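Asks: Take this structure first; my questions come after.
What follows is calculated from the coordinates using simple rules that are stated; it is not laboratory data. Being a predicted model, the structure only gives us computed values, none of them experimental. Heads up, the Cβs are rebuilt from the backbone with ideal geometry, glycines too, and the neighbour counts pull from every protein chain shown.
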Amino acid sequence: MYGLFGGMFGGMYMMQAQMAAGRAETAAAKSQSRTTRMATEIRMLTERLDKLILVNMALWSLVQEKTGLTEKDLEDRVEQIDLEDGVADGKVTRTVSECPNCGRRVSARHKRCLFCGNKKIGSTSLDQV
Ligand SMILES: [Zn+2]
């Protein structure tokens, strides 16, 4: 009797252990899948960034060639725009902009004003990127 009882518990324990192992394998597979997806996204973003750098370099060389603007002009403008958000950190930090239609303050990353629905929140086409 004790042997049968012990065997039942042993069997239940084995079943629980197998179920736990199955859940762990599923979690590991999901994690692996997510890692693969993230690696693909990073590769695609890197390719887009490389392309953007190339296009920027081409644009800048054309602008220099056609207008006579200098590297100093570009550096000064980069510094000026960098400082527009109040911090000289080498990047543009979008905070809040004023809706040109209703005048309310809205996060610059929104494509539409949350109050009046006006489409253009940012002042330049790059504000929508
Ligand atoms: Zn508005």
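Asks: If the cut-off is a Cα-Cα distance under 17 Å, which aspartates and glutamates reach residue 51, setting aside same-chain residues fewer than 8 apart in sequence?
Replies: The reachable aspartates and glutamates, counting only those whose Cα sits under 17 Å from residue 51, are 41.
Asks: Compute the helix-to-body angle for 71-83: its Cα long axis versus the longest principal axis of the chain, expressed 0 to 90° and rounded to tens.
Replies: Taking the Cα atoms of the chain, the angle to 71-83 is about 60 degrees.
Asks: Would you mind ranking 73, 82, 50 by Cβ crowding within 10 Å, fewest neighbours first?
Replies: Working: 73 13, 82 16, 50 10.
The order, fewest Cβ neighbours first, is 50, 73, 82.
Asks: A follow-up question, please. Return one number: the angle in degrees, 0 to 90 and rounded to the nearest 10, between the long axis of the Cα atoms of helix 2-67 and the longest principal axis of the Cα atoms of the chain.
Replies: Computed tilt is about 10 degrees.
Asks: If you stretched the chain out fully between residue 85 and residue 102, how much longer would it get, using 0.36 nm times the residue separation minus the C-alpha to C-alpha distance? Provide the component values of the computation, followed by the final result.
Replies: On the way: separation 17, 0.36 × 17 = 6.12 nm, distance 2.22 nm.
Taking 0.36 nm per residue and subtracting the Cα distance, the gain is 3.9 nm.
Asks: Based on the alpha-carbon gyration tensor of the range 14-129 and its eigenvalue square roots a ≥ b ≥ c, which shape applies: rounded if a/c is under 1.5, prolate if not and a/b is larger than b/c, or oblate?
Replies: Here the range 14-129 falls in the oblate category.
Asks: Setting aside same-chain residues fewer than 8 positions from residue 119, which aspartates and glutamates have a Cα under 20 Å from its Cα?
Replies: The reachable aspartates and glutamates, counting only those whose Cα sits under 20 Å from residue 119, are 98, 127.
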